[in-house]
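Student: Got a structure here, written out as C-alpha cells. Questions coming.
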Amino acid sequence: MSDARRTIAHFDIDAFYASVEIRDRPELQGKPVAVAGRSRRAVVLTASYEARPFGVRSALPLYRARELCPHLIVVPPDMAKYRAVSAEIFALFRARGHPVEGLSLDEAFIDFGEVGIEAGRTLAQHIRAEAKHLTGMTLSAGVASSKMVAKIASDTCKPDGLLAIAAGGEAEFLAPLPVGRLWGIGPKTQARLAGLGILTIGQVAALDAQGLRTLFGGWGREVGDLARGRDARAVQPERPTKSISSEETFDYDVSDERRLLETIKLQALDIAAKLEREGLIAGTVGIKIKRHDFTTLGRQTQLSEPTRDARRIYRAAKFCLRRAALGDTPVRLLGTRVASLSAAQAIAPTLFERTCEGG
C-alpha cells in the first residue's frame, strides 16, 4: 500500500483545566496544581505535570491528593472559561474543512485524508502552533494511518509532543508497549494476560488465530488486528446532541425531599439555559439517583409536547422523583436529564408562548 492512505491525527490539550489556570495565573507556573471542587467528596479534575510525580491524577479524591502532595495548590474549576478555550481550539481543528470527531473538551481526532504521513505531520504541527499562539495552550498530537495508533502516539509523546507513525510501521511502534494500551483491554484482562506471561502488545500480535480465540473468544480476530496496528474505524464527525444533563453529588447524603426538589429546580434552570443556547427542545425528562449505598435508579417521563421551559422540566423531574418513592432513603447524587431533542423551530409556539409574545 502506498503512503497515500488516510492520515489521522489525534490531538490532546495537555493538562487542560490546570493549564488554563496556570496561563491565567503566572504565579502558578512550575508548581503542583490541581483543579478540583471544594466539597468533602471532591475529586481531582486535572493535575499539572508538576503534581503528577507525587501520584496526583484525575479522578483521585482530593483528600488523598493532599496527602500525597501536601504543598498541592488547589484551584476551583471554571467550566465556562474552559468551554470558551475549547471552542477556540476546536474552531482551529475545523478551519481546514477536515472531518473532526470531538471526544471531550480537550481531545479530538481529525481525518486529514489521503495526504501521506509527512503532510499529516506538517498539518498537525501547524495546528499545534496556531493553538499555542491563539490560546497559550500546548497540544500533544499523534499522526498515523488509524485512530488507535494516532491516539497511542499522542499519549506517548505528552506533554507538548508530536509523534508520527508511518504507514507500515504501526506494528513495530506498538510491539514493546504494555498490552493495556490496546483499546478494549481493561485492567482485569490485562491482569489475566499478565498471569499467562503476556505483557506487551507485540506478544498479542504474535499469537495465531487459535491462540487469539482461546484468549479472547469471538473478539480474538479484532484484538489481533489492533495489536498489529490495523484499525479501520473512521473519524466520526460531531453528531447531534442526544441528551443534556445536570447533576450534583452532595457533600453529605440528603434525605430531605425539599432539598432534593430545590436541587432539581436549579438543574432544570441549568438545562433550560443549555437548550436555549443550542436551539433545542426536549420531549423526555428523567432523573438519576445514586443512593447512599451507591446503588443507582432512574425514572423518566415523556412530555405531552417538547419544551425548553425550565418550569415544565422541573415539574416533570419532580414527578419522576416522587415516582421513585425514596421515602427517607439518603441520596448521594441527584441528576436531571432531558432527551428526545429536536430543533426549536420544529414545533409551533404553544398557546402560552403565543400569549406571552403578544403582550
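Values in this text are rule-based calculations from the coordinates and carry no lab data. If you're wondering where the values come from, they're calculated on a predicted model, not measured in any experiment. Here the Cβ is made from the backbone with ideal geometry for all residues, glycine too, and neighbour counts use every protein chain on show.
Student: In percent, what relative contact order does the stretch 17-77 have, based on Cα pairs under 8 Å that are 6 or more apart in sequence?
Tutor: 35 percent
Student: So for the chain, averaging the separation of alpha carbon pairs under 8 Å that are six or more residues apart and normalising by length, what relative contact order in percent results?
Tutor: That works out to 14 percent.
Student: What's the exposure ranking of His10, His292, His71, going from fewest to most Cβ atoms within 10 Å?
Tutor: His71, His292, His10
Student: Go ahead and run the numbers for FRET between Ser39 and Ala80, Cβ-Cβ distance against an R0 of 22 Å, rounding to 0.05.
Tutor: E between Ser39 and Ala80, to the nearest 0.05, is 0.70.
Student: Explain nothing, just compute: Karplus ³J(HN,Hα) = 6.51 cos²θ - 1.76 cosθ + 1.60, θ = phi - 60°, for every residue of the stretch 94-103 in order, whole Hz, x for Gly and Pro.
Tutor: Listing the rounded values in order: 8, 4, 8, x, 7, x, 10, 10, x, 9 Hz.
Student: Report, by chain and number, residues whose modeled amide H sits under 5 Å from the one on Glu50, excluding near sequence neighbours (fewer than 5 apart, same chain).
Tutor: Amide H neighbours of Glu50, under 5 Å, 5+ apart: Val33.
Student: Starting with the fewest neighbours, write out Met148, Met79 ranked by other beta-carbon atoms found within 10 Å of each beta-carbon.
Tutor: Met79, Met148
Student: Top mean-square fluctuation among Thr263, Thr138, Thr295, Gaussian network model of the chain, C-alpha springs under 10 Å?
Tutor: Result for the chain, Cα springs under 10 Å: Thr295 fluctuates most.
Student: Starting at the first residue of the stretch 108-118, write each ³J(HN,Hα) from the Karplus equation 6.51 cos²θ - 1.76 cosθ + 1.60 with θ = phi - 60°, in whole Hz, x for Gly and Pro.
Tutor: So the J values, rounded to whole Hz, are 7, 9, 10, 8, 7, x, 8, 10, x, 5, 5.
Student: Over the stretch 243-357, what is the relative contact order in percent, taking alpha-carbon pairs closer than 8 angstrom and at least six residues apart?
Tutor: 41 percent
Student: Still on this model: Determine which lysines satisfy two conditions relative to Lys31: a Cα distance under 19 Å, and not lying fewer than 8 residues away in the same chain.
Tutor: Partners within reach: Lys158.
Student: Sticking with this structure for a sec: Return the long-range amide H neighbours of Thr200 (sequence gap of 5 or more, or a different chain), with a cut-off of under 5 Å between placed amide H atoms.
Tutor: Result for Thr200 returns Val179.
Student: Would you look at the GNM of the chain, springs on alpha carbons closer than 10 Å, and say which of Phe109, Phe11, Phe173 moves the most?
Tutor: With Cα springs under 10 Å in the chain, the top fluctuation among Phe109, Phe11, Phe173 is at Phe173.
Student: I would also like to ask the following. Give, in nm to one decimal, the length gained when the segment between Arg57 and Ala206 is fully stretched (0.36 nm per residue of separation minus the Cα-Cα distance).
Tutor: Extra length from Arg57 to Ala206 when fully extended: 50.3 nm.
Student: Another question, if that's okay. Under 5 Å between amide hydrogens, which residues at least 5 positions from Leu162 or on another chain qualify, with H placed 1.01 Å from N in the peptide plane?
Tutor: Hits under the 5 Å cutoff: Ala141.
Student: Pick from Leu333, Leu62, Leu163: which is most flexible by mean-square fluctuation in a GNM of the chain where alpha carbon atoms under 10 Å apart are linked?
Tutor: Highest fluctuation of the listed residues: Leu333.
Student: Exposure proxy check: Ser146, Ser246 ranked by fewest other beta carbons within 10 Å?
Tutor: Taking fewest neighbouring Cβ atoms as first place, the list is Ser246, Ser146.
Student: Which whole-Hz ³J(HN,Hα) couplings does the stretch 201-213 yield from phi under the Karplus relation 6.51 cos²θ - 1.76 cosθ + 1.60, θ = phi - 60°, glycine and proline marked x?
Tutor: 5, x, 5, 5, 4, 7, 6, 7, 4, 5, x, 5, 5
Student: What is the spin-label model distance, in nm, from Asp160 to Leu266 if the labels are put 7 Å beyond Cα along the C-beta direction?
Tutor: About 3.8 nm, to one decimal.
Student: Grab the Cα-Cα distance for Ala344 and Leu68, subtract it from 0.36 nm times how many residues apart they are, and report the gain in nm with one decimal.
Tutor: Fully extending the segment from Ala344 to Leu68 adds 94.4 nm.
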